[in-house]
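Engineer: The structure is given below, and queries will be raised subsequently.
The values are calculated or read from the model by the stated rules, or taken from the named source; none is laboratory data. All of these numbers come straight from a predicted model, not from anything done at the bench. Methodologically, a virtual Cβ is constructed for each residue, glycine included, from the backbone with ideal geometry; neighbour enumeration extends over all protein chains shown. Surface areas here come from the heavy atoms of the whole protein model, side chains and all, with no ligands, DNA or RNA. Shrake-Rupley method; radii C 1.70, N 1.55, O 1.52, S 1.80 Å.
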Amino acid sequence: MLPYTLIEKKQAGKALTREEWEFFIFGFLSKEIPDYQMSAMLMAIYFQGLEDDEISNLIDIVIKSGKRIHFKNKDIFYADKHSTGGVGDKISLILAPLAAATGKVRVPMISGRALGHSGGTLDKLESIPGFRTNLTLEEFQKQTDKIGCALIGQTDDICPADRALYALRDVTATVRSIPLICISILSKKIAEGIQGLVLDVKSGNGAFMQKPEDAELLAKKLKYFGEANGLKVTPVITDMNQPLGQAVGNWLEVREAIDVLHGGGPQCVRDLSLLLTEEMILLANPQETRQSIRRELETLLDNDIAFNKFLEIAEAQGGDISVLKNPDSYPKSAYVAEVTADEAGTITAIDTYGLGLDAIDLGAGRRKYTDTIDPKAGMLVYVSIGDKISSGDLVVTLFSDNEEAITIKAAEIGERFVLNHTL
Ligand code: URA
């Protein structure tokens, strides 16, 4: 087999066999197939798509590129939640301890880093000083069983093929592909050893799927292939036409998640955390009513029980819990800029994708895979679609250690907000 002819085959819209995909993926992993040929293949997939059989085969091949976790206790329901990616999405930081605090599910969560304009749970967790996201698989399983949850990144053991493909997709503009997203998410989640999966499929201008019909198709495919692999799957399509909550940027988002775990924080973040956790508990216990689950979850948030579970998880993973208990003690950005409205009007749209890119420029994300992140950098966005604002109202506060970047962003960021002056 020749990589060249397989690229040509996909380019022509034909399906590759299982053997051909094994040859290509394992050849890429062993570096016999170079990045440039894999990049060409990804672009061919991006334009031509994959048939269902190819998606099934690729999910299986990517899982088999590493190890698969098998939890021993068959009476416990292991579950996870995955978001397809957005701006300001800190729900995992709230849902994981909240779900674990119920004692009804255990959450072995493997998360990703920031991808394109969207943030990554792993980078958010690593903004907590000392927090180890690189537990061994043995430590990961042990902690999940001991305290109900562990939060790690992809290791060399779990789906190494996805890790390598993900990094290449990030720099070759091939992320927005329904079959590639399906393979990437499901391979990791199946390898985690879970039985239930809640999928937050984002739709809107800050999501990878900008059109509602694409988000619906992605949700349908994720459910279909997840169930074909023995998972119970609930996809939920949620809005990403504006940042989720106020905070965009790693530590800023952890801080907002702490507020929600204390029973406060922005209502939209609390509501979505409750909804997705409720879906997860329902997967484990379908006989329970939504109302009783909701009441229980609200109590866990409002009485700091979920927050204490978060502290327990962070401490078990080496995190400095003193900053979680006292977030004001966290180091501050060298530069802070407040941006106010020049005119009065109603906010009718927000360029969420643009805000995600602005956060990267402030230091909150990477332009190249090797870039380091400034955990303090990012922004607080105080307005939402539909808000009426007056001239001089505070719209955004920016945080950065980069004086030039913050000066440019402070001058330009107002253009991300569309105002209607007559409403
Ligand atoms: N999240 C993932 O894990 N993979 C993707 O491809 C997109 C979002």
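Engineer: Once the Cβ-Cβ distance between Glu403 and Ser39 is put in as r, and R0 is 30 Å, what FRET efficiency do you end up with, to the nearest 0.05?
Structural biologist: The pair Glu403/Ser39 has a calculated efficiency of 0.25.
Engineer: Right, another one. Per residue, how much accessible surface does segment 223-300 expose to a 1.4 Å probe? Answer in Å², no decimals.
Structural biologist: Value for segment 223-300: 39 Å² per residue.
Engineer: Another question, if that's okay. Enumerate the amide H contacts of Thr234 below 5 Å, restricted to partners 5 or more residues apart or on another chain; note that Pro and chain-start residues carry no placed amide H.
Structural biologist: Under 5 Å from the amide H of Thr234: Leu197, Val198, Leu199.
Engineer: Rounded to a whole number, what % of the accessible area of the chain do carbon and sulfur atoms account for, probe 1.4 Å?
Structural biologist: Its accessible area is 50 percent carbon and sulfur atoms.
Engineer: In addition: Stokes-Einstein diffusion coefficient for segment 3-49 at 4 °C in a medium of 1.567 mPa s, Rh from the Kirkwood formula over Cα pairs: what value in µm²/s? Please list the in-between numbers first.
Structural biologist: Working: Rh = 10.4 Å.
My calculation gives 124 µm²/s for D.
Engineer: Below 15 angstrom from the Cβ of Asn402, what's the summed charge of the other residues (Lys, Arg +1; Asp, Glu -1)?
Structural biologist: -3
Engineer: Continuing with the same structure: Using modelled backbone amide H atoms (1.01 Å from N, in-plane), which distant-in-sequence or interchain residues come within less than 5 Å of Ser118's amide H?
Structural biologist: Residues meeting the criterion, in which the H sits 1.01 Å from N, do not exist here.
Engineer: According to the square roots a ≥ b ≥ c of the eigenvalues of the Cα gyration tensor, what is the shape class of segment 332-420, taking rounded for a/c under 1.5, prolate for a/b larger than b/c otherwise, and oblate for the remainder?
Structural biologist: prolate
Engineer: So, one more: If you roll a 1.4 Å probe over the heavy atoms of the protein chains, what accessible area per residue do you get for segment 173-218, in Å²?
Structural biologist: Value for segment 173-218: 24 Å² per residue.
Engineer: Using the beta-carbon distance between Thr289 and Ser329 and R0 = 60 Å, what value does 1/(1 + (r/R0)^6) give for FRET efficiency, to the nearest 0.05?
Structural biologist: Working: r = 42 Å, r/R0 = 0.69.
Computed FRET efficiency for Thr289 and Ser329 comes out at 0.90.
Engineer: What's the extension gain from Val418 to Asp304 if we count 0.36 nm per residue and subtract their Cα-Cα distance?
Structural biologist: Gain on extension, Val418 to Asp304, equals 37.2 nm.
Engineer: In addition: How high is the relative contact order of the chain, in percent, with contacts defined as C-alpha pairs under 8 Å that are six or more residues apart? Walk me through the numbers before you get to the answer.
Structural biologist: Values: 848 pairs, mean separation 75.7, N = 423.
Relative contact order for the chain comes out at 18 percent.
Engineer: How much length is gained on full extension from Asp145 to Ala173, taking 0.36 nm per residue of separation minus their Cα-Cα distance?
Structural biologist: Taking Asp145 through Ala173 to full extension adds about 6.2 nm, to one decimal.
Engineer: Moving on. Direction-averaged shadow area of the convex hull around the Cα atoms of the chain, nm²?
Structural biologist: With every direction weighted equally, the projected area is 20.4 nm².
Engineer: Right, next: Between their Cα atoms, which of Lys10/Lys211; Lys31/Lys221; Lys67/Lys142 are more than 21 Å away from each other?
Structural biologist: Violating the 21 Å Cα-Cα cut-off are Lys10/Lys211; Lys31/Lys221.
Engineer: Let me ask you something else. Within 10 Å, count the other beta carbons around each residue, average over each peptide in 146-155, 21-30, and list them highest first.
Structural biologist: Values: 146-155: 21.5, 21-30: 18.0.
Those peptides, ordered most packed to least, come out 146-155, 21-30.
Engineer: On average, how much accessible surface per residue is there in segment 3-49, in Å², for a 1.4 Å probe, leaving out ligands, DNA and RNA?
Structural biologist: It amounts to 54 Å² per residue over segment 3-49.
Engineer: Under the rule of at least 5 residues apart or a separate chain, name every residue whose amide H is placed under 5 Å from the amide H of Ala247.
Structural biologist: Amide H neighbours of Ala247: Val381.
Engineer: Under 1.5 on a/c is rounded, so check that first for segment 79-325, then, if it is not, pick prolate when a/b is larger than b/c and oblate when it is not; a ≥ b ≥ c are the square roots of the alpha carbon gyration tensor eigenvalues.
Structural biologist: rounded
Engineer: So, in Å, what gap is there between the alpha-carbon centers of segment 348-423 and segment 296-344?
Structural biologist: Result: 20 Å between the Cα centres.
Engineer: Let me ask another. Would you please put 43-50, 88-95 in order of how densely packed they are, using the mean number of other Cβ atoms within 10 angstrom per residue and starting with the highest?
Structural biologist: Details: 43-50: 17.4, 88-95: 27.6.
Descending packing order for the listed peptides: 88-95, 43-50.
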